[in-house]
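Trainee: Supplied in structure tokens, the structure appears directly below.
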Amino acid sequence: MAKLDYDYIIIGAGAAGLLLADALGKDSFFYQKNILILDKDAKKNNDRTWCLREKGKGQFDNLLYKTWNHIAFKGKDFSESYAIAPYTYKMIRGIDFYEHYFEKFKDYSNILFQQEAVKEIEESMGTVVVHTDGNQYICKKVFDSRFNYDMIEADGPYPVIQQHFIGWIIKTPKPVFEVDQATYMDFSIPQKDNTRFMYVLPFQKDTALVEYTLFSEDSIIKNRI
Ligand SMILES: Cc1cc2nc3c(=O)[nH]c(=O)nc-3n(C[C@H](O)[C@H](O)[C@H](O)COP(=O)(O)OP(=O)(O)OC[C@H]3O[C@@H](n4cnc5c(N)ncnc54)[C@H](O)[C@@H]3O)c2cc1C
């Protein structure tokens, strides 16, 4: 067997890669294993926000950016707000999540992060060679969290329908938002023959994340709707 550079390589430092690395980092079985995380991105931007409904306390509560106790739903002829107790609607910003885990990994001497784009993965004789744009690494196992569109497209005769989002953080001249109420699915907007809705997630009375989402075969960037 060729000399190993790492025991495990994790491709992608998104939610999946970072949670896996954390699970390995705190498990005594893996203390002696060398782990490399590779991502083409430095993960220093707030590239997304996650929102979830949860009853009571949750494992990511230390990372919450905002919570809401009321949710509004809207349709063409419908508009209602509901108190959602015992649930809370919780928001985590990607950047807070990434920073938290990179900080935590400073305590795991066996985990290293490198910003490199993976080009190719080769398996042979019980080892895996990961080729990046500048290096190659030999390891025992690779955990690859990159999304593989080709696999899904090859999976059947039907088009792949994607749910995609575009959002803006807006500031209004006057206070207009109810800070404890998230507008969750506002279907009152034109549907244009598919399914579209808005989110309004207020941070303050005059500041909110406004998101538009729709399901369609082509991405929102291509459509420029
Ligand atoms: C705007 C937005 C809002 C969302 N909101 C929610 C939500 O509210 N609730 C929810 O549950 N889900 C939500 N999702 C979905 C959720 O973000 C994803 O399901 C989840 O973040 C995916 O995590 P992941 O680690 O699997 O993939 P990713 O986060 O996509 O991680 C993959 C990583 O691989 C890296 N990578 C890609 N190619 C290479 C390469 N060649 N070499 C090295 N690295 C590479 C990427 O840079 C990336 O960091 C949202 C997604 C988006 C985009």
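The values are calculated or read from the model by the stated rules, or taken from the named source; none is laboratory data. Keep in mind that what you see is a predicted model, and the values were worked out from it rather than measured. Methodologically, a virtual Cβ is constructed for each residue, glycine included, from the backbone with ideal geometry; neighbour enumeration extends over all protein chains shown. These area figures cover heavy atoms from the full protein model, side chains too; ligands, DNA and RNA do not enter into them. Shrake-Rupley method; radii C 1.70, N 1.55, O 1.52, S 1.80 Å.
Trainee: Considering only segment 30-42, I want to know if a residue exists there that is more than 30 Å from residue 189 (Cβ to Cβ), among the hydrophobic types (A, V, I, L, M, F, W, C) and in contact with a Ser or Thr (Cβ under 7 Å, 6 or more places away or on another chain).
Mentor: Yes: segment 30-42 contains one or more residues that are more than 30 Å from residue 189 (Cβ to Cβ), among the hydrophobic types (A, V, I, L, M, F, W, C) and in contact with a Ser or Thr (Cβ under 7 Å, 6 or more places away or on another chain).
Trainee: Give the residue that is farthest from the ligand (Cβ to nearest atom), with candidates limited to residues of segment 181-194 that are part of a loop (DSSP other than H, G, I, E, B) and surrounded by 13 or more Cβ atoms within 10 Å (Cβ to Cβ).
Mentor: Looking at residues that are part of a loop (DSSP other than H, G, I, E, B) and surrounded by 13 or more Cβ atoms within 10 Å (Cβ to Cβ), I get 188.
Trainee: So, restricting to strands (runs of 3 or more DSSP E) that lie completely within segment 72-162, which ones have at least 2 residues that are of a type in the set (D, E, K, R)?
Mentor: Fully inside segment 72-162 and qualifying: 87-93, 118-124, 136-144.
Trainee: Look at residue 195 and say whether it is of a type outside the set (A, V, I, L, M) and within 20 Å of residue 67 (Cα to Cα).
Mentor: Criteria not met by residue 195.
Trainee: Report yes if residue 48 is within 16 Å of the chain's Cα centre (by Cα), of a type in the set (Lys, Arg), outside the structural domain of residue 124 (by TED's automatic domain parsing) and at pLDDT below 95, otherwise no.
Mentor: For residue 48, the condition - within 16 Å of the chain's Cα centre (by Cα), of a type in the set (Lys, Arg), outside the structural domain of residue 124 (by TED's automatic domain parsing) and at pLDDT below 95 - is met.
Trainee: State yes or no: is residue 153 under 30 Å from residue 76 (Cα atoms) and either free of Cβ contacts under 8 Å to residues at least 24 places away in the same chain or more than 16 Å from the ligand (Cβ to nearest atom) (or both)?
Mentor: Considered against the rule, which asks whether it is under 30 Å from residue 76 (Cα atoms) and either free of Cβ contacts under 8 Å to residues at least 24 places away in the same chain or more than 16 Å from the ligand (Cβ to nearest atom) (or both), residue 153 comes out as no.
Conditions (1) touching a Phe, Trp or Tyr at 6+ places or on another chain (Cβ under 9 Å); (2) more than 10 Å from the ligand (Cβ to nearest atom), marked per residue:
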{"residue": "75", "(1), (2)": "yes, yes"}
{"residue": "98", "(1), (2)": "no, no"}
{"residue": "103", "(1), (2)": "no, yes"}
{"residue": "117", "(1), (2)": "no, no"}
{"residue": "120", "(1), (2)": "no, no"}
{"residue": "127", "(1), (2)": "no, yes"}
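Trainee: A follow-up question, please. For residues in segment 22-62 being within 13 Å of the ligand (Cβ to nearest atom), part of a loop (DSSP other than H, G, I, E, B) and open to solvent by 40 Å² or more (accessible area, probe 1.4 Å), which is farthest from residue 96 (Cα to Cα)?
Mentor: Checking each candidate, the answer is 40.
Trainee: Would you check which residues across segment 85-141 are open to solvent by 40 Å² or more (accessible area, probe 1.4 Å), closer than 20 Å to residue 32 by Cβ and not charged (D, E, K, R) and list them?
Mentor: 109, 112, 113, 126
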